[in-house]
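The values are calculated or read from the model by the stated rules, or taken from the named source; none is laboratory data. Just so we're clear, the structure is a prediction, and the values are computed from it rather than from any experiment. When we count neighbours, we look across all protein chains shown, and the Cβ atoms used for this are built from the backbone with ideal geometry, even at glycine.
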Amino acid sequence: MRHSFLPIQEQKTLKRGYRLHAAIVALFLMSVVGVVGICSLFPAYILVSAEERSQTMLGRSLEDADGSQSAVFARDLERDSKLVRALTSSQAGTKPSLLIQDVVSARASVSITSVMLSELSTTSATMIIQGIAPTRESLVSLKTRLENLGIGNKVELPISELAKSRDIPFSLRFTRSLP
C-alpha cells in the first residue's frame, strides 16, 4: 500500500512526469551507445579505406608496368605446359616405377641397394642394379629370375662378381624388353 498525502490529481501528474523523464533518459542512453558504436567503427573505416587506396595504386602500377614481364611469364608457362604434355605422352606406355617394382619382386634373398634406369625406349628398358648377394647361388638365381620376367630379357653379370663366395657386392646390367 502506498500512502501519499498528495491529492490523486497531483499523483497522476507526478507519475506521468516520472515516466516522461525515464523515457528521455532511456533515449539519451541509447543515443550515447549509438554514437560510441559509430565512433568505435571509425578507426576501422579509416584503415580499410587506406588499404583500399594502396591496393588500387598497386593495381594501377601493375597495369601500367611493362607488359614484357607478363608476356615472358605467359611464354614460359606455355613452354612448360608443352613439355609436361610431351613427357606424359612418352611415358604413357610403360612406367619406370612398374619396371623397378618387377626387379624388386624378383630379388628374393638378395639385398638391392640401388636401381638406376639408364635407358628407356619404346621397345626396351636398361637398368643398372647394384646390391649385395648372400651367396653365389642366390646371385645366379637372381639373374635367372630377372631373365624369366619376360621373353627377350637379358642380364649381364660380370664373372668377377662371382669371385667371392659370401656377401658378394654386385652390379649387373638388366635389359628388359617391353611389350
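Summary of computed values
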| read-out | value |
| --- | --- |
| Subset of segment 110-121 [under 32 Å from the mean Cα position of the chain (by Cα) and of a type in the set (S, T, Y)] | T113, S114, S118, S121 |
| Test result for Q69, surrounded by 11 or more Cβ atoms within 10 Å (Cβ to Cβ) and modelled with pLDDT under 75 | no |
| Members of segment 17-53 that are modelled with pLDDT of 95 or more and basic (K, R) | R19 |
| Strands (runs of 3 or more DSSP E) contained in segment 71-179 and holding at least 2 residues among the polar types (S, T, N, Q) | 111-120, 124-135, 166-177 |
| Out of D64, D80, sole residue that is modelled with pLDDT under 85 and among the acidic types (D, E) | D64 |
| Segment 135-144: number of residues that are more than 15 Å from E156 (Cβ to Cβ) and either touching a strand residue (DSSP E or B) at 6+ places or on another chain (Cβ under 6 Å) or surrounded by 15 or more Cβ atoms within 10 Å (Cβ to Cβ) (or both) | 4 |
| Total residues in segment 136-171, condition closer than 22 Å to D102 by Cβ, modelled with pLDDT of 85 or more and among the charged types (D, E, K, R) | 6 |
